[in-house]
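The values are calculated or read from the model by the stated rules, or taken from the named source; none is laboratory data. Quick caveat: nothing in here was measured; it's all calculated off a predicted structure. Please note: Cβ atoms are built from the backbone with ideal geometry, for glycine as well, and neighbour counts cover all protein chains shown. All accessible areas refer to the heavy atoms of the entire protein, side chains included, with ligands and DNA or RNA removed. Shrake-Rupley method; radii C 1.70, N 1.55, O 1.52, S 1.80 Å.
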Amino acid sequence: VGALYALGGVGLVLLNRATGVLNFAYGAIGGLGAMSAWQMLQWGYPEPVAWLACLAIGVTLSTGYGILIAPGLAHREPVVKAVATLGFGIAILGAMNLLWVVNPRKLTLALDGISLNILGLRMTGTRLLALVAGFAVTAGMGVFLARTRLGLQMRVLADDRQLAAVLGTPIRRVETIAWGFSGLLAGITGMLFGDLVRLDPAVLTFIVIPIIATTVVGRLTSIRTAFFAGLAIGIIESFLTLYKPLAPFRVASPFIVAILVLMWLQRGRKLTFAGAD
């Protein structure tokens, strides 16, 4: 689960660095993809088709928002942009509740039948895939942003939108690609979370909360820091689950981690107040 938080954090940081948008609809986008994959499996479609459908829905929803809605909010405050994505996420959640009655469901993938024993720990193929995907995407995105022309354009766009336009950066195209990448990662995150934890529209939608905590630790800019913060949060949640007196508080662990890290980063700094000498 920590690897999924990490993977989601990478998707949010990538989008924020390119567009300046903190996407609260990330979990709902992945959730609709996961629910659609489950439905296709119920209809008897092969698992690879269900996977592709999940990823396609994630990319389509995210890119659609990036093309139709995001440009109109490009010059608004970050809070306005974030609230707009929150509304989009709630709309997706409403659609899922209309399409699928709330019932216990399980998204079972073929990889669940594969298991490895590593140092006495049993790890299924799906868990291993989540961990490997997290590391691979983090490393790949780091190389992409540092070594490719498109990655450089995303970095310039994140630093100064007006300067990027003066330098001839195709802003709309770069932002659309960033939304598409983020939607792809949302689809992967939602599908794996639906298999490893719970397939429920509300739970999948609000997975964005601990994911946002990882991006806060990474100050909304560091992909690597967000990745390791996601792993750490997942580990802490697991340990709290084992200790019954603290188990009810495990849902707060992402925020506790984020607050402690922010306090550590602000150590030694003095608070200043308006009008103070």
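Structure summary
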| item | result |
| --- | --- |
| Accessible-area order (highest first, 1.4 angstrom probe) of the listed residues LEU15, LEU265, LEU152 | LEU152, LEU265, LEU15 |
| Prolate/oblate/rounded call for the stretch 63-154, Cα gyration tensor, a/c under 1.5 rounded | oblate |
| Protein accessible area in the stretch 1-141, 1.4 Å probe - carbon and sulfur % | 72 |
| Note, ³J(HN,Hα) from phi for the stretch 62-71, Karplus 6.51, -1.76, 1.60, rounded to Hz, x at Gly and Pro | 5, 5, x, 5, x, 8, 8, 10, 4, x |
| ARG105 long-range amide H proximity, modeled H, under 5 Å | LEU199 |
| Exposed-loop-free span, longest in the chain, where chymotrypsin sites (Phe, Trp or Tyr not before Pro) count as exposed if DSSP calls them loop and at most 11 other C-beta atoms lie within 10 Å | 44-242 |
| Accessible surface, the stretch 113-187, averaged per residue in Å² (probe 1.4 Å) | 57 |
| Cα centroid of the stretch 37-83 to Cα centroid of the stretch 146-193, whole Å | 16 |
| Two-site label geometry, LEU167 and ARG147: point separation in nm, points 7 Å out along Cα→Cβ | 2.0 |
| Shape category assigned to the chain from the gyration tensor of Cα positions, a/c cut at 1.5 | oblate |
